[in-house]
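J.: Sharing a structure here in structure tokens format.
The values are calculated or read from the model by the stated rules, or taken from the named source; none is laboratory data. Please read these numbers as outputs of a predicted model, since none were measured by experiment. Heads up: the accessible areas ignore ligands, DNA and RNA and are worked out on the full protein's heavy atoms, side chains in. Shrake-Rupley method; radii C 1.70, N 1.55, O 1.52, S 1.80 Å.
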Amino acid sequence: MDSAGWAYAVTVSRAIADVQTPGRRRRSEGKKAAILDAAETLFITEGYERTSVDAVAARAQVSKRTVYDHFGDKETVFLRVLERVSDALVSTVRAAIDEELTVGRDLREALTAFGHRIVNQTFPSSDYVAFRRLVSQQRSVPRLPETVRDRPERMLEDRFAGLAATGEIRAPDPRLAARHFTALTVSLALEMVADRWQQAQAAESAELSAIITDGVDAFLRAYR
């Protein structure tokens with residue numbers, strides 16, 4: 001079958017999938033999840049270049065045709081894997097913002113609690129580890145659009161805009177304020193964690209705590 005015929009077959013298969021019965025739809029979603037689970041494991045352990053669609057299909061226990069029907073090609077499979085992990089991280093950050101940066105809470109306490117939560121819960125999470133391993137591969141791997149990559153920063157920007165509107169911080173540019181806060185706290189902690197990972201050592205919680213506390217104090221001196 002030539003490329004045009006293959007593309008037509010994929011289009012027809014997807015059109016049929018759109019009118020599946022609930023039972024068939026559940027089975028289809030189960031196969032998609034199995035494919036993504038298998039692909040995530042292979043992309044992390046073997047790398048993007050060495051992972052083939054055949055290998056993904058074999059690990060997911062589906063046919064190669066099923067992988068193509070659901071995703072089209074290996075690049076799309078990789079991007080869906082990356083999006084799934086990114087979505088999980090975004091949910092974690094959203095929960096931290098909503099539950100820590102609450103209205104009426106002492107701002108220093110809130111910012112410190114938020115920083116600790118990101119460092120102590122997000123960095124060690126399997127989702128973050130998977131995301132880091134996926135995006136740190138060679139430059140040939142597909143990249144998520146910038147609008148998707150920037151979602152955590154945009155969410156923090158929105159919350160800082162709210163803090164500026166109520167007079168809790170002086171931030172004519174909430175996006176810049178969010179970037180400064182992240183640079184002074186989370187990014188510095190991540191640098192330490194990454195360095196220790198490379199040396200096969202664990203970052204001490206006291207050191208990470210000091211980075212967050214000092215960063216929050218520096219941020220408030222500039223923005224209050």
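J.: Leaving ligands, DNA and RNA out of it, work out the accessible area of Asp73 with a 1.4 Å probe and give it in Å² to the nearest 10.
T.: 70 Å²
J.: Residue by residue through region 48-56, what is 3J(HN,Hα) from phi via Karplus (6.51 cos²θ - 1.76 cosθ + 1.60, θ = phi - 60°)? Round to whole Hz and write x for glycine and proline.
T.: Per residue, the Karplus-derived 3J(HN,Hα) values read 5, 5, 7, 8, 10, 4, 4, 5, 4 Hz.
J.: Quick one: divide the alpha-carbon radius of gyration of region 98-137 by 2.2 N^0.38 Å and tell me what you get. Mind showing how you got there, number by number?
T.: On the way: Rg = 13.4 Å, N = 40, 2.2 N^0.38 = 8.9 Å.
Rg over 2.2 N^0.38 Å, computed on Cα atoms: 1.50.
J.: Can you give the extra length, in nm with one decimal, that the chain gains between Asp214 and Ser91 once fully stretched, where that is 0.36 nm per residue apart less the Cα-Cα distance? Numbers along the way, then the final one.
T.: On the way: separation 123, 0.36 × 123 = 44.28 nm, distance 2.64 nm.
Between Asp214 and Ser91, full extension yields 41.6 nm more.
J.: With every protein chain left in place and a probe of 1.4 Å, what is the accessible surface of Lys31, to the nearest 10 Å²?
T.: Estimated to the nearest 10 Å², Lys31 gives 100 Å².
J.: May I pose another question? Can you run phi through the Karplus equation (6.51, -1.76, 1.60; θ = phi - 60°) for region 175-181 and list ³J(HN,Hα) in whole Hz, with x for Gly and Pro?
T.: 5, 5, 4, 5, 5, 5, 4
J.: How many Å² of accessible area per residue for region 105-146, probe 1.4 Å? All intermediate terms of the calculation are to be shown ahead of the outcome.
T.: Details: 2180 Å² over 42 residues.
Normalised by residue count, the accessible surface of region 105-146 is 52 Å².
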